[in-house]
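J.: Quick one: the structure is below, questions incoming.
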Amino acid sequence: MYIILDIQAQLTYISAFESFDSKARLRQTRFPTIYNYLASLVESKKRIQNLIDEFGEAESISISITGSTDYDKQIMTDSAYLHEYNNKDIVKDLKHEFDIPVIIEQDCILDAYAELNNLGENVDEYGLITVTYGIGGVYVKKEDSKYLVFPTELGHTIVVPNGLECACGQRGCVEAYIGGVNMKDRFLTDPKNIEDYRVWEEAVDFLAIATSNFMMAFPTKNIIYSGSSISTIPALKNGIKSGLEKRMRVYKQPKIRVSSLSNQANTLGALKHIELYKNNSLVRL
Ligand SMILES: [Zn+2]
């Protein structure tokens, strides 16, 4: 059995899977994300132990977290939402408790792994752009039996010079405009409830600019959008293709698809992460 701990900005999901098959989920529990690190650790340990008591021994634990990770050190170093988790050694803390292998990775990168069994299954390379409470971008290239993974800080590419202040300290980042948390702060409602079409026209354009910027570094033939905002807000989902056509002139329009994995993408990606790690097939750049 494999345990997945998926710590998102608002909710934390803990799941048990019998195998690497995404359909082999035994149980999933969730609770509102606890912003105090130690309190969160206590709650997570308790729930993981409950799963082990119910389903038997766990082989390993894979963590998805919303923040930049130092992959070699296996530590989350910088999160705009989980400040108290920054540089805390959650991998070591869980290893110490359960005495099994534990791995951690940033949520957006795991979204890209989740697509290996979904929209990225039959292509040899793709760009994955996450549009949810934050914005992320990852390029994945399959080479022989290896997966080359290029993370980016797409959310912090600038779309408006001297624009809105972003949590990262810069001004005018795309995340400051279309990241779900920032939209909620600006419009004082969940983005799903915003009906003003001008807001969405602008959001589509900013996403198109960010996608075009991504393609200048990684001229991919396949763009997969993932994340709860783009999968649940029709104006974004339906507008992005023509939005990108208007903005991008240098390269041919890539094939654009929107994933339906939504808020389960991190969990499924973390499960895939164990498989890739075990098979030694990841080249994480
Ligand atoms: Zn920023």
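J.: Can you give me the ranges of the helices (runs of 4 or more DSSP H) entirely in the stretch 218-278 with at least 3 residues that are outside the structural domain of GLY134 (by TED's automatic domain parsing)?
T.: Helices (runs of 4 or more DSSP H) meeting the threshold: 265-278.
J.: Another one. Scan the stretch 32-49 for residues that are over 17 Å from LEU11 (Cβ atoms) and within 21 Å of the chain's Cα centre (by Cα) and report the count.
T.: The total comes to 0.
J.: Restricting the stretch 245-273 to residues that are out of contact with any helix residue (DSSP H, G or I) (no Cβ under 8 Å at 6 or more places or on another chain) and within 21 Å of LYS141 (Cβ to Cβ), which is surrounded by the fewest Cβ atoms within 10 Å (Cβ to Cβ)?
T.: LYS252
J.: If you go through the stretch 19-48 one residue at a time, how many are touching a helix residue (DSSP H, G or I) at 6+ places or on another chain (Cβ under 8 Å) and surrounded by fewer than 20 Cβ atoms within 10 Å (Cβ to Cβ)?
T.: 14
J.: For the structure I just gave you, tell me whether GLU202 is open to solvent by 30 Å² or more (accessible area, probe 1.4 Å), in contact (Cβ under 8 Å) with a residue 24 or more places away in the chain and over 25 Å from LEU148 (Cα atoms). Walk me through how you get there before you give the answer.
T.: On the way: open to solvent by 30 Å² or more (accessible area, probe 1.4 Å): yes; in contact (Cβ under 8 Å) with a residue 24 or more places away in the chain: yes; over 25 Å from LEU148 (Cα atoms): yes.
For GLU202, the condition - open to solvent by 30 Å² or more (accessible area, probe 1.4 Å), in contact (Cβ under 8 Å) with a residue 24 or more places away in the chain and over 25 Å from LEU148 (Cα atoms) - is met.
J.: So how many residues does the stretch 125-166 have that are assigned to a loop (DSSP other than H, G, I, E, B) and either modelled with pLDDT of 95 or more or under 15 Å from ILE224 (Cα atoms) (or both)? Spell out the reasoning first.
T.: Going residue by residue through the stretch 125-166, those that are assigned to a loop (DSSP other than H, G, I, E, B) are 132-134, 144-145, 153, 157, 159-164, 166.
Imposing the further condition that a residue be either modelled with pLDDT of 95 or more or under 15 Å from ILE224 (Cα atoms) (or both) reduces the set to 132, 157, 159-164.
Total meeting the criteria: 8.
J.: Another question, then. Just for the stretch 161-173: of the residues that are within 8 Å of the ligand (Cβ to nearest atom) and without any contact (Cβ under 8 Å) to a residue 40 or more places away in the chain, which one is farthest from ALA9 (Cα to Cα)? Talk me through it step by step, then tell me what you get.
T.: Start the filter on the stretch 161-173 by keeping residues that are within 8 Å of the ligand (Cβ to nearest atom), which leaves 166-170, 173.
Those still in the list that are without any contact (Cβ under 8 Å) to a residue 40 or more places away in the chain too: 166, 169-170, 173.
On the way: CYS166: 16, GLY169: 19, GLN170: 21, CYS173: 19 Å.
Across the stretch 161-173, the extreme among qualifying residues is GLN170.
J.: Of the numbered conditions (1) in contact with a strand residue (DSSP E or B) (Cβ under 6 Å, 6 or more places away or on another chain); (2) open to solvent by less than 30 Å² (accessible area, probe 1.4 Å); (3) not assigned by TED's automatic domain parsing to the domain that holds MET215, GLY136 satisfies every one except a single condition; which is it?
T.: Status for GLY136: all satisfied but (3).
J.: Taking the conditions exactly as written (under 22 Å from THR66 (Cβ atoms) and either touching a residue at least 60 places away in the same chain (Cβ under 8 Å) or open to solvent by 30 Å² or more (accessible area, probe 1.4 Å) (or both)), does HIS156 satisfy them or not?
T.: Values: under 22 Å from THR66 (Cβ atoms): yes; either touching a residue at least 60 places away in the same chain (Cβ under 8 Å) or open to solvent by 30 Å² or more (accessible area, probe 1.4 Å) (or both): yes.
Criteria met by HIS156.
The values are calculated or read from the model by the stated rules, or taken from the named source; none is laboratory data. All of these numbers come straight from a predicted model, not from anything done at the bench. Cβ: placed from backbone, ideal geometry, glycine included. Neighbour counts: every protein chain shown. When the accessible area is computed, the model is the full protein with side chains, heavy atoms only, and any ligands, DNA or RNA have been set aside. Shrake-Rupley method; radii C 1.70, N 1.55, O 1.52, S 1.80 Å.
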